[in-house]
1. Kindly indicate whether residue B:478 is buried (at least 22 other Cβ atoms within 10 Å of the Cβ), β-branched (Val, Ile, Thr) and outside any helix (DSSP H, G or I).
2. The conditions are (1) closer than 26 Å to residue B:236 by Cβ; (2) away from chain B (no Cβ under 14 Å); (3) assigned to a strand (DSSP E or B); (4) of a type in the set (S, T, N, Q), and residue A:42 fails exactly one of them. Which is it?
3. As an exercise: evaluate residue A:36 against (1) more than 11 Å from chain B (Cβ to nearest Cβ); (2) of a type in the set (Gly, Ala, Ser); (3) within 30 Å of residue B:333 (Cβ to Cβ) and give the number of the one condition it does not meet.
4. Looking at segment A:18-31, I want the residues that are closer than 11 Å to residue A:7 by Cβ and have a partner that is surrounded by 14 or more Cβ atoms within 10 Å (Cβ to Cβ) and β-branched (Val, Ile, Thr) with Cβ atoms under 7 Å, at least 6 apart or on another chain. Which pairs are those?
5. Of these, A:54, A:2, A:65, which one is modelled with pLDDT of 95 or more, more than 14 Å from chain B (Cβ to nearest Cβ) and more than 14 Å from residue B:248 (Cβ to Cβ)?
6. Can you work out which of the residues in segment B:239-257 that are of a type in the set (A, V, I, L, M, F, W, C) and more than 7 Å from chain A (Cβ to nearest Cβ) is surrounded by the fewest Cβ atoms within 10 Å (Cβ to Cβ)?
7. Name the residues in segment B:253-288 that are basic (Lys, Arg) and free of Cβ contacts under 8 Å to residues at least 12 places away in the same chain, would you?
8. Out of segment B:385-395, which residues are of a type in the set (D, E, K, R) and in a helix (DSSP H, G or I)?
Amino acid sequence: MNITFKLYAGLSQYLPEGSARNAINLNITTLETACSIIEKFNIPKESVHLVLLNGIYLDADERENFKFKEGDILAIWPPVAGG
Amino acid sequence: MAWTRNVLRVNLTSGSITHESLNMQWANDYLGQRGLATKYLSEEIDPKCDALSPENKMIMTTGPLTGTMASTAGRYSVVTKSPLTGAIACSNSGGYIGNEMKNAGWDMVIFEGKSPHPVYLYIENDKAELLSAEKLWGKSAWATDELLHSIHQDPLLRVAVVGRAAEKGCLFSAIVNDLHRAAGRSGVGTVMASKNLKAVAIRGTLGVGSISDPAKFFKATEDGKKILAENAVTGEGLPALGTQVLMNIINEVGALPTRNHQEVQFEGASEISGEAMLEIRKGDGKANLTTNGACFGCTIACQRISTVDKNHFSVKDKPEYHGNSGGLEFENAWSLGTDCGIDDLDAITFANFLCNEDAVDPISLGATIAAAMELFEEGVITVEDTGGMELRFGSAEALIWATEVTVKGEGFGLELGKGSKRLCEKYARPEISMTVKGQEFPAYDPRGIQGMGLAYATSNRGACHLRGYTVASEIMGIPEKTDPLVTDGKPALVKAFQDATAVVDSAGICVFTTFAWSLEDIAPQIDAACEGDWNAERCLEVGERIWNMERDFNLAAGLTGKDDTLPKRLLKDVAKSGPATGKANDLHKMLPEYYELRGWSPEGVPTDATRSRLGL
């Protein structure tokens, strides 16, 4: 299935070639989870803070177990804030 | 230097300048800056007075940590009654002038009355004099700053100044200091101009003194700086991308107000984001962001220093704008960009330059232009009103035009300068104004971040994110993650943020430290600097006292619990995309519990028991 994978702020460097505006299309199997994708792209675990699936926050358990569906958007940020 | 214990009182009507001792009982109860100056204002003016009359006073004020070696300790505030809202105004700024005021030996400067002719206040340590500003009146904030440096031949002179907009009565005029920093919100610059006070120029060389326990202070501030340096947000995130890192996040979570809050996600967000500011432009081969910068004593350094592509239509024939200048914060990129449906990074960067140049609050300006654009799209405002300009969403040309006429106070800009509420009322469409208590919203849609709805509705200075920034918890997980789409627990969360922020704003440090510091980290710094014992518990009580005092000021000014509300659009019209799809803000589920937690009556009035508990 296809999902959109986005990495922002200091994590942008871990996006593969071909990405645009911090996003790339990924073709994944039904076995993939947020955690497995984070591992696949060599993103340091301590830099992973906000993990959003279609804009909704995933906690640690959901990152391990949540299964994707076609068209999902996975977006990840390191610790950031502003105002 | 903790408190200098010195207050400078400037009567602009008579021209007299007097010195007096700081009321230390009040300093013990209200700490400094926001809290202490609001206490002075509450005691000295009738809250019902016309904000633009000589009866209103304006206080420039520092906190006990301002000017010390504590990180971010360059903050100062301007406290007065707001002409935009009729409520208390307290606008906070960084840069260097707060430190300079403290180094000149003053905790605060109180301005009263109205000068018969334009003047500026020049302070050099204990010498203070009112000088003629006849040659400065009519000039922009930047031109005035340059002239004052030339007149006094002192490159280290620090200047706070109003621009042309304030002189022409723009109700959301700011006071700009150090060219690119601003006491931005609620029209504090309008009050300053109404007093014929063009600028305050300060040189302070007295240095730091009177720290209560210097050895303890060195240790406490060193510990604090270590925490900021090692924290991923204050040590890495903010220096790299500034507040603009939020543009993509807030869009992703479906809480980015778009086209005057008609939508909650913007298709052009990534084009004007912090990440986009790092990308090389096609036009001139440069990135929007040149580098970051810092205010006095700051070890975070979130400031943006930017350029506009010199080939861009907005500056093509204006070489004076081709160099580095103050870049976009998230709020400004949102108001001038997203809220107006504009994804042209150069255009909104230039509009932001213009706001700095003439000291205008870009949040209120962008939000007012957005309201005008909606009125234009509906055919309520026409080209006859604007003099030919089509004020359409997405038009960068319209944004630049509207910004230029407003900051200069020309033509239709005089209408825009009255703010969104008055503009929409004039055209008999008050429901289109996205304001609380007359002040325009910042960049978080309360349909997608429920707690912010309560924070906006109850903010003592009208719609504002900096009175209780629950976004930190609801979106970023600081100090802990809460669900932005539920109302449970939000009244307590909002109260906790409001009270803690009131203390930080009264101490002389920047609220951004709180992404890494709790009051347990801040209290030891205050405790070592000031007389008496200051622990986190006492700080929080002071914060609650300040919040209730501000509430009392507003009630005395004529506001009521009925003003603690949101525009119908946010309470009735549901979000159409993103995680909040189908949701409006459920303020009614939060407000009664909030009043109860505050110790207020069901009408939103502090009870006698609450006033007694807080010593009000």
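1. It is false that residue B:478 is buried (at least 22 other Cβ atoms within 10 Å of the Cβ), β-branched (Val, Ile, Thr) and outside any helix (DSSP H, G or I).
2. Residue A:42 satisfies every listed condition except (3).
3. (3)
4. Qualifying pairs under 7 Å: A:23/A:4.
5. Values: A:54 fails: more than 14 Å from chain B (Cβ to nearest Cβ); A:65 fails: modelled with pLDDT of 95 or more.
Step by step, each of A:54, A:2, A:65 is checked, and only A:2 is modelled with pLDDT of 95 or more, more than 14 Å from chain B (Cβ to nearest Cβ) and more than 14 Å from residue B:248 (Cβ to Cβ).
6. Out of the qualifying residues, it is B:256.
7. Within segment B:253-288, the first condition is being basic (Lys, Arg), and the residues that meet it are B:259, B:281-282, B:286.
Correct list: B:282 only.
8. B:385, the sole residue that qualifies.
The values are calculated or read from the model by the stated rules, or taken from the named source; none is laboratory data. All figures in this text were calculated on a predicted structure; none of them were measured in a lab. Using ideal geometry, Cβ is built from the backbone for each residue, glycine included, and neighbour counts are taken over all protein chains shown.
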